[in-house]
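The structure appears below as structure tokens.
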Amino acid sequence: MARSLEQIAQHALDTALAKGAAEVAVRVGRTRFTSLSFRDRKLDKSEASTSSSLTLTLFLDGRYSSNSTCDLRPDAVADFCDRLVAMTRKLAPDPHRRLPEPEYYQGRSERDLGIYDDQHAALGIDRRKELARSAEEEARGASDRVISATATFYDDVSDSVRLHSNGFRGNYNYTSFWAQVESSVRGDGDKKPEDWSVVGARKLANLGDPAPCGRDATLRALQQIGAGKIDSARLPLVIENRAAGRLLGHLLQPLNASAIQQKRSCYADLLGKSVASAKLTLIDDPWLVGGFGSRLYDNEGITSRPMPIIEQGVLKNFYVDVYYGRKLGLRATTGIKSNLVFSGGQGGLEDLTRGVERGVLVTGFIGGNSSPATGDFSLGVRGFLIEKGQRGQPIAEMNITDNLLTFWNKLVSVGADPYLYSSSRTPSLRFDDVQFSGM
Amino acid sequence: MTMDRRQFMLATATGVAGLAAPTLLTRCAAGRVREEATVPQLIDLAPASYFESQFGVTPELMREVIATALASGGDHCELYFQHSREASIGLEDGAVNRGSATVDLGVGVRVIRGDQTGYAYTEELERESMLTAARAAAAIADGPAGSAPKSFAVQTLENFYPTASWWSGISVDRRMPLLDRLNTLTFGLDPRVKKVRASFYDEDRYILIADSSGRLVADRLPMFALRLSCTLEDKGQIEENYDAVSLRGGVDELKDERIERLARTAVDRAARNFGARKPPAGELPVVLAHGSSGILLHEAIGHGMEADFNRKGISIYAEKMNQPIAGKFVSIIDDATVPHYRGSINVDDEGSPGQRTVLVENGVLRSYLHDRISAAHYRVPPTGNGRRESFRFAPIPRMRNTYMANGPHQREEIIRSVKRGVICETFTNGEVNIGAGDFTFYVKNGYLIEDGKETAPIKDFNIIGNGPDVLSKVTMVGDDLKIDDSTWTCGKDGQGVPVGQGLPTCLVSSITVGGVDA
């Protein structure tokens with residue numbers, strides 16, 4: 001009765017071609033998601049659903065549209081294709097809009113990425129509840145200051161098929177399992193500091209016991225009691241691994257070909273040049289086993305391969321998709337990051353902090369933004385004062401302000417402690433002479 | 001996945017997020033387009049029979065699904081049906097050469113027991129799929145079966161966004177000239193303009209809510225967004241900036257004057273930043289220009305007043321009800337009824353009518369923002385703040401249009417009172433930590449204030465403060481309230497919903513400005 005994803009994809013592709021599309025890319029995905037939350041020692045929320053989607057990229061008469069629907073009934077898909085063809089015909093032509101040349105599909109690795117747990121179906125509701133319940137219990141048990149703790153266990157299993165009318169075919173299946181705890185504690189006055197902790201894995205067997213997350217979330221919240229700002233100053237900055245991913249996002253934005261082609265990148269003319277301290281080596285690695293960004297091909301069907309982005313401070317590659325690559329006259333790499341991996345690091349957070357006479361350890365960012373065109377950025381931070389290499393009073397309500405082009409040159413140490421629960425496997429980082437705004 | 005789900009972000013697109021932009025006719029007023037349109041005429045609100053006529057969802061079927069969802073007990077069950085069509089077109093490098101269409105269709109089934117929630121959804125409006133979802137939602141309860149309503153009573157609503165001409169009835173070729181015109185206008189304003197990106201987006205959303213009390217509510221919600229961003233180059237230096245307008249309305253709500261102002265504003269904001277500097281670092285008096293500075297309220301108090309955090313005791317405002325938290329001239333309102341504004345709703349996503357809620361009255365905290373669960377917890381009527389991104393999510397307390405009422409001061413007098421400080425005019429995003437109360441917002445354009453006068457332009461800095469502390473430091477409030485009409489989207493628990501915000505010119509006597517050496 002139920003049609004396979006291949007059948008749905010093939011039908012959509014055939015229909016779009018029959019309706020007049022010259023070229024078509026189709027992706028059909030189906031994800032089953034389950035989530036259970038415990039709060040106050042009882043089940044707070046339970047969610048379970050299956051979601052499907054069809055994306056249809058059409059090229060006709062040199063014109064282009066990118067579309068999606070979750071109404072997969074054959075008649076509805078046919079009607080949708082009619083609408084899309086009519087709409088696309090009316091747009092202005094664009095000579096750069098075509099499917100990728102098939103050579104981009106060549107050489108796809110057949111390695112096992114370790115991102116699909118075939119034991120997924122064996123995980124029952126009771127086990128999920130127990131994992132959430134035990135993590136919440138740990139969070140509550142860690143302190144009598146806890147006001148509320150919520151532990152959520154959630155997992156998904158997802159299958160997708162991609163077909164292109166010029167020959168690309170691919171399947172991408174993954175699973176993931178997460179346990180997340182949020183804990184709020186009584187602080188000074190009306191303040192109720194809160195923090196979180198999470199573990200995740202592609203395979204349940206690799207998740208480990210989520211219960212310690214509960215304790216970690218509560219201890220992190222407790223450590224924030226009494227947080228306040230210090231005087232504005234230029235100080236060394238140490239960033240904890242799990243917080244650094246957000247900083248990295250601001251670096252990546254202007255490395256995209258669309259930013260470069262649209263004159264909104266401060267790195268546009270810097271390929272092959274030094275843009276950061278020699279301590280920085282950053283690799284986009286789609287083959288990382290068990291990685292949350294791991295893949296064999298990207299969202300255009302381009303074969304994924306490891307790619308250096310910055311090597312010892314030198315900018316080696318941009319993120320170039322097929323369209324902006326054609327506009328810029330560059331060969332496409334990929335328009336979408338996979339896993340980001342740092343190399344050459346040493347030690348952990350304590351090692352990076354140890355040598356700091358007076359500085360700030362940032363454990364979280366709040367708000368802030370950057371201008372990819374100029375590199376200017378300004379971000380809210382919280383964390384701890386570092387004095388004589390030791391973690392001191394908690395800090396909140398402060399900003400750091402700098403420019404990407406100067407800031408990354410101030411990187412003096414990189415840890416060997418990648419954060420495992422994100423596709424950006426950021427280690428702890430230390431920068432010198434960063435402007436903090438406080439009192 | 002690893003983000004703190006309790007941090008909330010508010011953001012407006014600073015650029016064209018990929019696609020979509022429609023164009024009005026080059027010389028046309030919006031009204032001209034309407035004349036030519038072949039638009040489905042909507043009589044009153046969406047008929048409650050839409051999902052029956054389109055998808056065969058009968059009252060009998062809805063009763064069966066509700067009965068199945070309550071098979072293990074529970075206090076309440078509601079079904080939320082949604083069918084939406086979104087379309088967008090985008091202009092880049094002088095041509096409207098990208099389009100996008102999206103269809104979203106499904107039903108969410110929620111069972112509430114006390115403050116516990118069981119939730120499931122399906123994208124297939126077939127009996128078996130809906131019953132499967134109902135059984136999944138029922139898993140939250142484990143008692144004797146509840147019962148489905150014997151019949152449904154259709155609830156009538158006030159309409160805060162009457163729409164004569166729906167954008168969904170305007171074909172792509174008649175939207176494209178709007179973007180072409182914006183492109184021409186923008187390039188014509190300044191020879192330093194090197195790149196222009198524009199997009200137009202619209203959504204036409206039908207919803208139907210049926211619940212176990214027998215309430216049946218239907219709505220049809222319009223929305224459009226016109227976004228413009230431009231890059232200017234001057235002697236090798238680059239600046240980019242944006243403007244956007246988004247309203248819950250049809251063709252008539254996009255005024256010609258606003259399209260022209262969009263181009264002028266984006267270019268002016270970018271041009272002003274050539275030569276702009278960083279503000280000094282540290283605590284300064286901050287004047288918030290009227291309009292989108294309402295981001296202050298959204299982050300400093302709005303999220304903290306969402307009653308889910310208060311019933312759990314984790315908001316910094318949890319013990320503040322009926323206490324003074326700001327000067328007597330400070331009143332703050334969250335309002336679903338502002339005609340055509342982006343955060344307005346005729347009905348919230350669990351069936352409570354759209355309304356106006358006073359959060360702070362003359363400096364005193366008066367009401368949280370409630371959904372059904374928190375209203376039951378506090379034994380008060382719901383305030384109509386139970387909102388959701390789509391049928392894929394359970395509703396939670398969310399803001400609508402949040403603004404401060406006018407105060408006794410004049411803009412000039414406020415600026416004149418500042419010896420050394422900054423004025424903030426353009427914003428891109430903000431964020432708050434609920435329990436500690438710390439919040440931030442990012443300023444794209446501003447000016448220094450020196451000896452009571454606006455002087456040098458400043459740019460790209462973050463401001464960070466603590467909600468209750470900053471509210472107590474609002475020392476002057478102007479008489480020039482403006483509710484911003486830009487594309488604000490609020491994020492919470494992974495759900496984005498459209499919101500509005502506004503402020504009269506205000507003075508915060510001291511707050512930390514992210515700058516460089518003071």
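The values are calculated or read from the model by the stated rules, or taken from the named source; none is laboratory data. Small disclaimer: the values here were computed from a predicted structure and weren't measured. Methodologically, a virtual Cβ is constructed for each residue, glycine included, from the backbone with ideal geometry; neighbour enumeration extends over all protein chains shown.
Miscellaneous remarks
- Answer from B:Val497, B:Val508, B:Val474, B:Val513 - the residue that is buried (at least 20 other Cβ atoms within 10 Å of the Cβ) and farther than 27 Å from B:Pro280 by Cβ: B:Val497
- Conditions (1) part of a strand (DSSP E or B); (2) away from chain B (no Cβ under 13 Å): number failed by A:Asn369: (2)
- Any hit, the range A:244-259, residues being surrounded by 19 or more Cβ atoms within 10 Å (Cβ to Cβ), more than 13 Å from chain B (Cβ to nearest Cβ) and more than 23 Å from A:Ile336 (Cα to Cα): no
- A:Tyr419 meets each of the listed conditions (1) more than 14 Å from chain B (Cβ to nearest Cβ); (2) assigned to a loop (DSSP other than H, G, I, E, B); (3) closer than 27 Å to B:Ala436 by Cβ; (4) not polar (S, T, N, Q) apart from (1).
- Single residue of the range A:216-243 satisfying the filter (among the aliphatic types (A, V, I, L, M), over 23 Å from B:Gly282 (Cα atoms) and crowded, with 21+ Cβ neighbours inside 10 Å) that is nearest to the other protein chains (Cβ to nearest Cβ): A:Ala221
- Residues considered: B:Ile140, B:Ile112. Of these, the only one that is in contact (Cβ under 8 Å) with a residue 24 or more places away in the chain, within 19 Å of A:Lys45 (Cβ to Cβ), of a type outside the set (Ser, Thr, Tyr) and in contact with a His (Cβ under 7 Å, 6 or more places away or on another chain) is B:Ile112.
- In the range B:137-183, residue surrounded by the most Cβ atoms within 10 Å (Cβ to Cβ) [restricted to those that are within 14 Å of another protein chain (Cβ to nearest Cβ) and of a type in the set (Ser, Thr, Tyr)]: B:Ser168
- Scanning the range A:169-215 for residues being away from chain B (no Cβ under 12 Å), in contact with a helix residue (DSSP H, G or I) (Cβ under 6 Å, 6 or more places away or on another chain) and part of a strand (DSSP E or B) gives a total of 1.
- Any helices (runs of 4 or more DSSP H) falling wholly within the range B:353-472 and containing at least 1 residues that are in contact with a helix residue (DSSP H, G or I) (Cβ under 8 Å, 6 or more places away or on another chain) and either within 14 Å of chain A (Cβ to nearest Cβ) or free of Cβ contacts under 8 Å to residues at least 24 places away in the same chain (or both): B:372-378, B:467-472
- All of (1) under 28 Å from A:Val320 (Cα atoms); (2) within 13 Å of chain B (Cβ to nearest Cβ) hold for A:Asp82 with one exception: (1).
- The listed residues are A:Gly335, A:Gly344, and the only one of them that is at pLDDT below 95 and not acidic (Asp, Glu) turns out to be A:Gly344.
Residue by residue, here is whether (1) assigned to a loop (DSSP other than H, G, I, E, B); (2) under 19 Å from the mean Cα position of the chain (by Cα); (3) at pLDDT below 95 holds:
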| position | (1), (2), (3) |
| --- | --- |
| A:Pro286 | yes, yes, no |
| A:Phe292 | yes, yes, no |
| A:Arg295 | yes, yes, no |
| A:Gly301 | yes, no, no |
| A:Arg305 | yes, yes, no |
| A:Ile309 | no, yes, no |
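- Among the criteria (1) more than 30 Å from B:Val96 (Cα to Cα); (2) surrounded by fewer than 18 Cβ atoms within 10 Å (Cβ to Cβ), the one A:Gly167 does not fulfil is (1).
- Residues of the range A:311-336 satisfying the condition of being among the aromatic types (Phe, Trp, Tyr) and under 16 Å from the mean Cα position of the chain (by Cα): A:Tyr319
- All conditions in (1) surrounded by fewer than 20 Cβ atoms within 10 Å (Cβ to Cβ); (2) assigned to a helix (DSSP H, G or I); (3) polar (S, T, N, Q) hold for A:Gln346, with the sole exception of (2).
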